[in-house]
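The values are calculated or read from the model by the stated rules, or taken from the named source; none is laboratory data. What you are looking at is a predicted structure, and each value in this text was computed from that prediction instead of being measured. Here the Cβ positions follow ideal geometry from the backbone for every residue, glycine too, while neighbour counts run over all protein chains shown.
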Amino acid sequence: MFSQAAPDGSKCALGVYTDDPPPVGERPAGMVWIPGGEFSMGSNNPKFSDARPWHRVRLSGFWIAKTPVTNDQFARFVNATHYVTVAERKPSPKDFPGAPPDKLVAGSLVFTPPAHPVELNDDSQWWRYQPGANWRHPEGPRTSIAGKGDYPVVQIAYEDAQAYAKWAGKRLPTEAQFEFAERGGLDCKQFAWGSQFEPHGKPMANTYHGHFPDKSTAKHNDPTTTPVGSFPANGYGLYDMSGNVWEWTSDWYRADYYQQLSTAGPVAIDPKGPADSYDPQEPGVAKHSVRGGSFLCTDQFCSRYEVGGRGQTEPSSSANHIGFRVAL
């Protein structure tokens, strides 16, 4: 069996896949059946300390959506339920003690490129809190999703994703399910499509190009989302598993979770994530795992469009590069 040594001494080994058929019944629209299997989960990128060591995971078969949830899909949910997203709600004074009342306005985070190169140790240099930013107005009140029904919905907090999934009779994928699906049957590869970032010069995902964060090659220096399915599908027929938008998973985030799994036994079976959250960068802030990277990921700062790369976000946070997809 082929194996690839990781810096910490663990190994990535080829997966073992089942041919389990999908459950008998109607095929869920827009979803792909992922047969169960066993694979090596993690990464050997030395920058991804929270994605090591490699560890074996065995999953039962599951359904997962072909694409992230789109604006049109989310609009149908809102029209049916009159749901109000977190970004559309006025923040409560009890959650922000001491904040001036005039600052407690509904809004969300929007990427705003600085006018000049900056050190990459403070992301507040390229994020701003924008009053009026929400899923209908991703970059603020003067922006719109008109004509963008097939773009991934963004400015979605964890609670919003959960509410949609419940309404749709589905759920969020676990972190293990997301990675297994993202790999598309390719084991021990750096990317969901293989070992080269742009094979034969062909872009395979919506990621950041240019000098991060001040000078993007995007039109008007405005990197943004692309319609779902704009780039090739992976081996399972899934789109945008890497790049475009970060996607919520159901797991709490712990930076040391993979270490816990690797010492708990030879194989983790259908892991549901840790019981609590721990991010050493912000020890007192509970966070959920997000996966896949986004249109802002680049090897200059965040290359977590690589398979195995993990992200973490506080559940009430939203931004114009965070969306989700559903599983079943």
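Do the conditions hold for residue 53, that is, is it in a loop (DSSP other than H, G, I, E, B), within 18 Å of the chain's Cα centre (by Cα) and buried (at least 18 other Cβ atoms within 10 Å of the Cβ)? So residue 53 does not fit the description; no. Of the residues making up region 12-20, none is loosely packed, with under 15 Cβ neighbours inside 10 Å and under 27 Å from residue 320 (Cα atoms). Screening 305, 257 for residues that are hydroxyl-bearing (Ser, Thr, Tyr), surrounded by 20 or more Cβ atoms within 10 Å (Cβ to Cβ) and either within 19 Å of residue 56 (Cβ to Cβ) or free of Cβ contacts under 8 Å to residues at least 24 places away in the same chain (or both) leaves exactly one candidate, 257.
Residues in region 119-135 that are out of contact with any Pro (no Cβ under 7 Å at 6 or more places or on another chain) and touching a residue at least 40 places away in the same chain (Cβ under 8 Å) were compared, and the one that is surrounded by the fewest Cβ atoms within 10 Å (Cβ to Cβ) is 120. Name every residue in region 212-230 that is of a type outside the set (A, V, I, L, M) and surrounded by 21 or more Cβ atoms within 10 Å (Cβ to Cβ), in order of residue number. Scanning region 212-230 gives 212, 213, 216, 223, 224, 225. Filtered by the rule that a residue be within 14 Å of residue 319 (Cβ to Cβ) and surrounded by fewer than 21 Cβ atoms within 10 Å (Cβ to Cβ), region 271-291 gives no residues. Looking only at residues of region 60-83 that are in a loop (DSSP other than H, G, I, E, B) and out of contact with any helix residue (DSSP H, G or I) (no Cβ under 8 Å at 6 or more places or on another chain), we find that the one that is surrounded by the fewest Cβ atoms within 10 Å (Cβ to Cβ) is 82. Based on this model, can you work out whether residue 294 counts as in contact with a His (Cβ under 8 Å, 6 or more places away or on another chain), under 14 Å from residue 245 (Cα atoms) and buried (at least 24 other Cβ atoms within 10 Å of the Cβ)? So residue 294 fits the description; yes. Of all residues in region 79-106, none that is more than 16 Å from residue 317 (Cβ to Cβ) has its Cβ atom under 6 Å from the Cβ atom of a residue that is among the β-branched types (Val, Ile, Thr) and in a helix (DSSP H, G or I), 6 or more apart or on another chain. Residue check: is residue 230 modelled with pLDDT of 95 or more, touching a Gly at 6+ places or on another chain (Cβ under 7 Å) and farther than 26 Å from residue 60 by Cα? Criteria not met by residue 230. Write out, first by first residue and then by second, each pair whose Cβ atoms fall under 8 Å of each other, whose residues are 6+ apart or on separate chains, and whose first residue, in region 260-271, is touching a residue at least 12 places away in the same chain (Cβ under 8 Å) while the second is among the small types (Gly, Ala, Ser). Qualifying pairs under 8 Å: 261/268; 262/10; 268/176; 270/60; 270/176; 271/176.
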